[in-house]
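Written out below as structure tokens is the structure these notes cover.
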Amino acid sequence: MNAPRTIYAKGLLLISIPLVLELAFGLSLFCLQHYYQDKLKRERVASEIIFHANEIWINCSEIMLLEAAYSFLGAPKQPIVDRTNLLHAEYEMLAKLVADDAMQTQNVENIRAYTYQAIALTNRLKPLMWKGESLSGLVAGIKSTVDNFKAAYDLAYPILPAIQNFAKPEFIVYGPMSIREVERAARMVDQVVLVSLAGSTIAASLLFIYFIRTIKRGVTAIVENTERFRRGEELNPAIGGGDELAQVDAAFHEMTDEIKEAERTKQAVLAVISHDLRSPLTSVLACFTLLGIHLGETGEATKAAIDQEERSVEQLVRMINDLLDLEKIEAQKLALERKMIPIEKVVEMSIIKVERFADQDGVTIRGASSDAEILADPDWIVRALSNVLLAAINVSARGSFIDTSIVRFNQDVEIRVTFASTIVSADTLSAQFDRYQKRESGFGLELPLSMEIIKLHGGAIGVSSDQAQRLTIWVRLRSTQSQVS
């Protein structure tokens, strides 16, 4: 017999075998109960047969005595009628009890015949009274009465052996042996119940252990491979087998291979972007800068076209740099060099970094003042905030203002960049923090990179809006006091 291969089959085995054992023990108890129930029924019927047969014998004897008293002494007739009716009822009851047994039915008919013949003879008894008869006539009458009574007695006497032909109850015949049998049956029932409980418990325990061990093996293997995959280690071989956990483990191995292949493909693409695309774009950007210097006084249209192309190339280079930095953060290869820095200085350096782009778009950025300090990597925290400002510049209308403010809480300091935009809503802007979200017009990877940098510093970033339909990108960082404490 092959072992079950699926968890469903193992669970079905775990449930079915104890149920089968319980069914077997239950059938055993049912058969034992049916046997003794049938036996008790036979005992009851035999007792009733003996009882009613004895009642017939007693009634027959009493009728004969009553007939003699009636004939000899002139006793009342009614008791004889009552006893005769009772005798008929006893016969009917006895006939019903032995209806299924032909021999006992015949025995009842024999008793009935003897009884009624004996009673019929007692009806011939003559009263012992002197009515002017001759002495010889009186003697003849007495002799006739004695003969009839003797004949009736001879007919009634065989009733007793006929009664003894009925089956007697075993508890009457065997006495102590029947008691011992009852005690043995009680012990047998106790043993069957104990064996049933013990057998079911042992079978269920063994099956449960088998079930748990087979499942634990598969679960442990999957968990261990998950941890090895998280640590970047080689996975253990697949556990094999045909159950669902083995299929999950095999699928996990296949998924891991696909992820590794996708990672290799991604690294190859990033290598191409880093070496074969970023370097030429950097050279092109330098050429545009030199071109703007050497052209000198040129037409405004030409200069605007050169500036636009230079900005497009610069935006492309910046997006490539953001993409590579995101991959560095994801690979946990970015090391922060934290030190104390005034939050006002961070805002000022970030504004300076994007001021040229703000001037080109005709947007004014207003700074903020605060004496709060944070513990952060200056270059990366400025990179994060300048990306936030750059995103605000890209969606702000020409001639608008971008306001920065610093709000201190008990343990946090929050930098807020507030601006008005008719291009995007707060929900659209929030969605741009997802690096895999479709990029809206004017957005690159600035916000996803800012979010990852802020998270590395233990902070948070988000978007809110007010009733004036102005958007606010807020950056919340831990203050110096809470970090020291």
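We did not get these values from a lab; they are worked out from the coordinates using the rules stated. Note that the structure is a prediction, hence the values are computed from the model and not measured. Please note: Cβ atoms are built from the backbone with ideal geometry, for glycine as well, and neighbour counts cover all protein chains shown.
Within region 39-115, all pairs of alpha-carbon atoms sorted by distance into 5 Å bins from zero give the percentages 3, 16, 23, 21, 14, 10, 7, 4, 2, 0, 0. Of the residues TRP380, TRP474, the one with the fewest other Cβ atoms within 10 Å heads the list, and the complete ranking is TRP474, TRP380. Using the Cβ of ASP412 as centre and a radius below 10 Å, the other residues enclosed give a net charge of +2, where K and R count +1 and D and E count -1. Report the normalised scattering of region 335-484 as log10 I(q)/I(0) at q = 0.10, 0.15 Å⁻¹, calculated by the Debye formula with identical scatterers on the alpha carbons. For region 335-484, the Cα-only Debye profile gives -0.31, -0.72. With R₀ fixed at 45 Å, the C-beta to C-beta distance from ASP257 to LEU316 puts the FRET efficiency at about 0.85. A simple spin-label model places the labels of MET93 and GLN78 2.3 nm from each other, with each point 7 Å out along Cα-to-Cβ.
For the pairs LYS339/LYS438; LYS39/LYS96; LYS345/LYS438; LYS353/LYS455; LYS353/LYS438, flag any whose C-alpha to C-alpha distance is greater than 25 Å. In this structure, LYS339/LYS438; LYS345/LYS438; LYS353/LYS438 lie more than 25 Å apart at Cα. Charge dipole of region 386-467 (Cα centre as origin; +1 on each Lys and Arg Cβ, -1 on each Asp and Glu Cβ, all else neutral): 160 debye, rounded to the nearest 20. Net charge in the neighbourhood of PRO342 (other residues with Cβ under 12 Å of its Cβ; Lys, Arg +1, Asp, Glu -1) is -2.
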